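Here is the structure we will look at.
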Amino acid sequence: MASPPEALAHAPLEWDTPLYRMAVAQFDQAVPVADIPDDIAERLRYPERSIIVSIPVRMDEGHRVVFPGYRVQHSSILGPTKGGIRYDLEVSLGECAALAMWMTWKCALLRLPYGGAKGGVRCEPRSMSLPEVERLTRRFTSDLLPVIGPQEDIPAPDMATNEQTMAWMMDTYSMQRGYAVPEIVTGKPISIGGSVFRHEATGAGVVMVMMRACDKLGWRLDAQRCVVQGFGNVGGIAAHELHALGARVVAVSDVSGGIHSEAGLDIPALEEYAHLHGSLEGCTAGLRVTNEELLELDCDILVLAAREDQITGENAWRVRARMIAEGANGPTSLEADQILGERRILVLPDILTNAGGVTVSYFEWVQDLGRLFWTRDEIRAKLAEKLSDAFDRVWDLAEDREVSLRTAALVSGIREVSNALEARGIFP
Ligand code: GLU
């Protein structure tokens, strides 16, 4: 290894931002428990490859705007890198690096043959027209052509991207190859090789993990009062599943703020409202609350399915839930984790709780490569099996080593990657 003056840790790191530091701090907390060699740990502390592109997009009025785009591939030890593409004003190299690292642990924890990646474009998608988003997506895909591929790096949806975005990515890639390459992305429409149940997989997986935790604790999920932050592909589906299972969803929120009803919200009615109006803005199904108030509502389970950095050292003392389920990536800060631990509020960690999405992405990729498709029931059952297996390994390790579920989940993922890296060796 390089001596300190040359070591990467002593050079300025372009991706070194608060979120990346948080991912590394979590990694550093897990390493002593994982008990892996120092040189392996040092290698895994950094992403393998980080790319910045500038994407010129013709706007509807005729002028061009250049957007910054990123793709970070954290580890290719276990297979192609895998992870979402997000469109958001907060997107940066550091955010992608942190999220890519979490994807590595998530895929490894679920024993999927992938490493982690993440990418995105810093833009405000809600202020852009669909044709503008299409042009942005196609140019971004084209700029990524040298580094993505079904055996190299496989994008998927993330914040503000969806099946349509993936269809444009798949088409752009396929046009360059000269034939349809469905396996280049996952989370695409079923008509072009997408998988049944991929759309619901992340939210449904969150509820499967919650159910498993309730079983362990002797709680009945249908007797819990739940608050769900986020009403998109993760929060919306989780709220729907919880409501269908008989749990009382007392509050939900989206970009327009929160809505609260102690008697329980009619989730299908809210879904219809959001579908018709584009958001929950103006909805009178309950009392309006701010995002901050929502996080501090009295409830049993708080589902965080919006974005990172929501429960912090500042508000963690005021959380009144008995359990937190992380549907988003990185929603709980390090300080908050400490406080929630002291307060004995159980946190179901992101890399386990929201892993349903990438797990069904894996099923989608396998189906695309084999050109053979499974039924919804088969996929649901395979997902439940994968999540239960990972959950049990994490739960047992946490009990055994007396660590948090987060540390146990990270340790499980890190060990898988470390074993593979040790077996392969570090090139050259
Ligand atoms: N963006 C999702 C995640 O954070 C899904 C990634 C994928 O399906 O590859 O896990």
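Coordinate-derived values only; no laboratory data. This one's a predicted model, so the numbers in the text were calculated from it and none came from an experiment. Because the Cβ atoms are built from the backbone with ideal geometry, glycine has one as well, and the counts that use them run over all protein chains shown.
Averaging the sequence gap over all C-alpha pairs within less than 8 Å and six or more residues apart, then dividing by the number of residues, gives the chain a relative contact order of 16 percent. Legend: Rg and Dmax of segment 1-130, from Cα coordinates, 16.8, 57 Å.
Given Cα pairs under 8 Å that are at least 6 residues apart, what percent is the relative contact order of segment 70-156? Numbers along the way, then the final one.
Details: 163 pairs, mean separation 34.8, N = 87.
Once normalised by length, the contact order is 40 percent.
In this label model, Ser261 and Glu335 are separated by 3.7 nm, measuring between points 7 Å along each Cα→Cβ vector.
Hull volume per residue, based on the alpha-carbon atoms of segment 182-266 and their convex hull, is 112 Å³. Distance between the 7 Å Cα→Cβ label points at Thr312 and Arg401: 3.0 nm.
Taking the Cβ of Pro349 as the center, what net charge do the other residues with Cβ under 10 Å away carry, scoring Lys and Arg +1 and Asp and Glu -1? Present the calculation step by step, with values, prior to reporting the outcome.
Values: positive: Lys106, Arg406; negative: Glu326, Asp337, Asp350.
Overall, the nearby charge balance is -1.
Over the Cα atoms of segment 122-256, each weighted equally, I'd like the Debye log10 I(q)/I(0) at q = 0.09, 0.15, 0.17 Å⁻¹, rounded to two decimals. Debye curve over Cα of segment 122-256, log10 I(q)/I(0) at q = 0.09, 0.15, 0.17 Å⁻¹: -0.37, -0.82, -0.94. Taken over segment 264-396, the convex hull of the Cα atoms encloses 154 Å³ per residue.
Antiparallel versus total DSSP beta bridges in the chain: what percent is that, nearest 5? Please list the in-between numbers first.
Values: 23 of 51 bridges.
Restricted to the chain, the bridges split so that about 45 percent are antiparallel.
Exposure proxy check: Arg212, Arg220 ranked by fewest other beta carbons within 10 Å? Don't skip to the end; give the middle numbers.
Details: Arg212 21, Arg220 11.
Listing Arg212, Arg220 from fewest to most nearby Cβ atoms yields Arg220, Arg212.
From the alpha carbon centroid of segment 70-114 to that of segment 295-351 is 22 Å. Listed peptides 316-329, 84-97, 280-293, 42-55 appear in the order 84-97, 316-329, 42-55, 280-293 once ranked by packing, highest mean of other Cβ atoms within 10 Å at the front.
Given R₀ = 35 Å, FRET efficiency for Tyr179-Thr375 by Cβ-Cβ distance, to 0.05? Don't skip to the answer; put the middle values down first.
Working: r = 27 Å, r/R0 = 0.77.
For R0 = 35 Å, the calculated efficiency reads 0.85.
Karplus-derived 3J(HN,Hα) values for segment 268-274, using 6.51 cos²θ - 1.76 cosθ + 1.60 with θ = phi - 60°, are x, 5, 5, 4, 5, 4, 5 Hz; glycine and proline are entered as x.
Amide hydrogen proximity for Ile324: with H placed 1.01 Å from N in the peptide plane, the residues at 5 or more positions away or on another chain lying under 5 Å are Leu302, Leu346, Val347, Leu348.
Using the Cβ of Ser256 as centre and a radius below 10 Å, the other residues enclosed give a net charge of -1, where K and R count +1 and D and E count -1.
Relative contact order, percent, of segment 2-153 when contacts are C-alpha pairs under 8 Å separated by at least 6 residues?
Contact order relative to length: 25 percent.
Amide H contacts of Val289: Gly258, Ile259, His260, each under 5 Å away and 5 or more positions distant or on a separate chain (H built 1.01 Å from N in the peptide plane; Pro and chain starts excluded). Ranked from largest, the principal axis spans of the Cα set of the chain equal 59, 55, 43 Å.
Here the simple spin-label model places points 7 Å from the Cα toward Cβ, and for Arg126 and Ala384 these points are separated by 3.6 nm.
Taking other residues whose beta carbon is less than 11 angstrom from the beta carbon of Ile237, and scoring Lys, Arg as +1 and Asp, Glu as -1, yields -3.
The tail of the calculated P(r) for segment 370-428, taken as Cα-Cα distances beyond 14 Å, holds 68 percent of the pairs. Rounded to whole numbers, the Karplus 3J(HN,Hα) couplings from phi for segment 20-31 are 5, 4, 5, 4, 5, 5, 4, 4, 5, 5, 7, 4 Hz, using 6.51 cos²θ - 1.76 cosθ + 1.60 with θ = phi - 60°, and x at Gly and Pro. In sequence order, segment 348-355 has phi-based couplings of 8, x, 3, 5, 9, 5, 9, 6 Hz under the Karplus curve 6.51 cos²θ - 1.76 cosθ + 1.60, θ = phi - 60°, and Gly or Pro positions carry x. Once backbone amide H atoms are built at 1.01 Å from N, Gly116 has His74, Ser75, Lys82, Thr104 as its partners under 5 Å, excluding neighbours fewer than 5 places away on the same chain.
Helical content of the chain, expressed as a calculated mean residue ellipticity at 222 nm, amounts to -14500 deg cm²/dmol (DSSP H runs of 4 or more residues, -39,500 (n - 2.57) each, divided by residue number, nearest 500).
Just rank Val358, Val121, Val33, fewest to most, by other beta-carbon atoms within 10 angstrom. Please report the intermediate quantities before stating the final value.
Details: Val358 27, Val121 24, Val33 17.
Neighbour counts put them in this order, fewest first: Val33, Val121, Val358.
Computed from the Kirkwood radius of its Cα pairs, the Stokes-Einstein diffusion coefficient for segment 268-342 at 25 °C and 0.890 mPa s stands at 181 µm²/s.
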